[in-house]
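Each remark here refers to the structure printed beneath this line.
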Amino acid sequence: MSNWQRFVETFFNAKVMAKYLPDIAYGMLVTVELAALVIVSGLVAGLALALLRSLGFRPLNLLIVFVVDLFRALPPLVIIVFIYFGLPAVELSPSGFVSTWLSLALVLMAFSEEIFWAGITSIAKGQWEAARSTGLSYGQTLMSVVLPQALRLTIPPLTNRTIAITKGTALGTVVAVSEILGMASSAVSNSYNPSPLTLGAGAYLILFFPMVVFGRWLETRMRWKR
Amino acid sequence: MRLIVEARGIHKHFGALHVLKGVDLVVHERELVFVIGPSGSGKSTLLRCLNRLEAPSAGSVIVDGVDLLDPRTDLNRARQRIGMVFQSFNLYPHMTALGNVTLALRKVAGKSRAEADELGRAALARVGLADRAGHTPGELSGGQQQRVAIARAIALEPRVMLFDEPTSALDPELVGSVLGVMRDLRESGMAMVVVSHEMGFARNAADRVVFMDQGSIVEEGPPAAIFERPVQERTRAFIGQIQRH
């Protein structure tokens, strides 16, 4: 057997791939669910924290900054393990899926809060003053004038962060979540052949490549002439 | 004549800085008051106290019978009656000219979109920009942007308009169009307070010129008196300086 044949046999073994394709497809489904939950809840929570922070209530802001810094500092894997193996001690037993979702959502919340906040503070004071001088309330100014401009500015860093954190769904494999990587590695152990990992990599590409392209499209669309 | 703006004994401190030192300013119906003075004299701060963008440290501000410093006053409602135009236009860049003009009409005055659009178009027509309603600020010249900002304020039918150096950020050839709109507004009987360095405009459009220096009003009177026969030494020095250019 030539080296090339051995290489193909190891990483692109058609028989193994065909056998485990349904497993990987199932893993993809779980990954999509997990990713969608993380993105929606993480971004909503991050935006909510940024809006709360803009009220300028000092004790609350100190708390928000502390929570945000905590979840920006901790590695997501540590948070997952902490929730999954730690919470049962207080009579809570979240599943691997829930642990992974919570951890990644908290991390995305923390990073997106900082990005939303940076966007809000980057809007010139004159925009606030102009809106307030016409009688708009604080909340109306925030929602109609400041946030629409801030969100456009945040899209490039936000898409990057979202993609980076969402890929962390693969970490769920350590707490037995049957997402793509989890399915692929058990297939590797069962078949003594790494081809399922190739399938898994392909599955990640199929999921995340469109996300990257979508992010790029959003960035160009949201740019506006000054 | 009815008083529209009545500011009494206004003090403003920024930390250790005493920016306004007991300023009185009244504006009557249909009156154009022009405020001049060297930079740092407190004229912009005074203007911003008149709609409470800046809260005075002491004193009272009554606009159209409403006490702006009374905590029970609905400030957002009161501000509808006080139009303000800024040096840097401050248009909303993500909205069209019409969107800029109609936002407060819809959100504050409670007009329907159709009503607001109609009033907004009328306001844009008054500043000569009926044909620019669909343009965003980025597609407009500085002069046009400032006229949209004026339309945004007058659409709410204010009782007084405050202008904070409205032409200072404009290229010289665009100044005329903005001053033209201000002159039309003055002729329609709008009470106005204008902080500006456009002395030519002050001479032929102002009813009263107020000269401020170091946080106080030094001298006030009709433009001819202030420009030709200033009484105070500081006024004379300032007028002399600006006329040398």
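Assorted remarks:
- Evaluated against (1) at the interface with chain A (Cβ under 8 Å from one of its Cβ atoms); (2) in contact with a His (Cβ under 7 Å, 6 or more places away or on another chain), residue B:94 falls short on exactly one condition, (2).
- Meeting the requirement of 2 or more residues that are away from chain B (no Cβ under 14 Å) and on the phi < 0 side of the Ramachandran plot, the helices (runs of 4 or more DSSP H) wholly within region A:110-170 are A:147-166.
- Per the conditions (1) open to solvent by less than 20 Å² (accessible area, probe 1.4 Å); (2) in a strand (DSSP E or B), the sole criterion not satisfied by residue B:13 is (1).
- Filter pass, residue B:87 being within 8 Å of chain A (Cβ to nearest Cβ) and touching a residue at least 40 places away in the same chain (Cβ under 8 Å): no
- Residue satisfying condition, being farther than 24 Å from residue B:129 by Cβ and either assigned to a loop (DSSP other than H, G, I, E, B) or open to solvent by less than 60 Å² (accessible area, probe 1.4 Å) (or both), within set B:218, B:178: B:218
- Scope region B:138-155; condition surrounded by 22 or more Cβ atoms within 10 Å (Cβ to Cβ) and over 30 Å from residue B:41 (Cα atoms); matching residues: B:155
- You will find that of B:231, B:209, B:181, the residue that is of a type in the set (A, V, I, L, M, F, W, C) and in contact with a Pro (Cβ under 8 Å, 6 or more places away or on another chain) is B:209 and no other.
- Which numbered condition residue B:104 misses (of (1) away from every other protein chain (no Cβ under 11 Å); (2) surrounded by 18 or more Cβ atoms within 10 Å (Cβ to Cβ); (3) of a type in the set (A, V, I, L, M)): (1)
- Unique match (being surrounded by fewer than 18 Cβ atoms within 10 Å (Cβ to Cβ) and touching a residue at least 12 places away in the same chain (Cβ under 8 Å)) among A:102, A:106, A:77, A:147: A:77
- Of everything in region B:46-75 that is away from chain A (no Cβ under 12 Å), part of a loop (DSSP other than H, G, I, E, B) and not charged (D, E, K, R), the residue that is most open to solvent (accessible area, probe 1.4 Å) is B:71.
- Residue that is nearest to the chain's Cα centre (by Cα) [pool: residues in region B:185-215 that are under 10 Å from residue B:37 (Cα atoms) and open to solvent by 10 Å² or more (accessible area, probe 1.4 Å)]: B:197
- Residue check, residue B:164 within 25 Å of residue A:135 (Cβ to Cβ), open to solvent by 40 Å² or more (accessible area, probe 1.4 Å) and among the charged types (D, E, K, R): no
- Residues (small (Gly, Ala, Ser) and within 30 Å of residue B:110 (Cβ to Cβ)) located in region A:122-178: A:124, A:126, A:130, A:131, A:133, A:135, A:137, A:139, A:144, A:150
- Among the residues of region A:145-191, those that are within 26 Å of residue A:125 (Cα to Cα) and under 16 Å from the mean Cα position of the chain (by Cα) comprise A:154, A:155, A:156, A:157, A:158.
- Members of region B:131-159 that are in a helix (DSSP H, G or I) and more than 9 Å from every other protein chain (Cβ to nearest Cβ): B:131, B:132, B:142, B:143, B:144, B:145, B:146, B:147, B:148, B:150, B:151, B:154
- Scanning region B:96-130 for residues that are among the hydrophobic types (A, V, I, L, M, F, W, C), in a loop (DSSP other than H, G, I, E, B) and under 21 Å from residue A:144 (Cα atoms) yields B:108, B:109.
- Cβ pairs under 7 Å, 6+ apart, first in region A:174-190 and free of Cβ contacts under 8 Å to residues at least 60 places away in the same chain, second of a type outside the set (Lys, Arg) and open to solvent by less than 40 Å² (accessible area, probe 1.4 Å): A:188/A:194; A:188/A:196
- Test for residue A:84: is it open to solvent by 10 Å² or more (accessible area, probe 1.4 Å) and in contact with a Ser or Thr (Cβ under 6 Å, 6 or more places away or on another chain): yes
- Region A:124-142, residues that are under 30 Å from the mean Cα position of the chain (by Cα) and either under 18 Å from residue B:156 (Cβ atoms) or open to solvent by 30 Å² or more (accessible area, probe 1.4 Å) (or both): A:124, A:139, A:140, A:141
- Qualifying residue in region B:221-244 (condition: small (Gly, Ala, Ser), part of a strand (DSSP E or B), surrounded by 14 or more Cβ atoms within 10 Å (Cβ to Cβ) and at pLDDT 90 or above): yes
The values are calculated or read from the model by the stated rules, or taken from the named source; none is laboratory data. Everything quoted here is computed from the prediction, not taken from an experiment. Note that we place each Cβ from the backbone using ideal geometry, even for glycine, and neighbour counts take in every protein chain shown. Note: areas computed on protein heavy atoms with side chains; ligands, DNA, RNA excluded. Shrake-Rupley method; radii C 1.70, N 1.55, O 1.52, S 1.80 Å.
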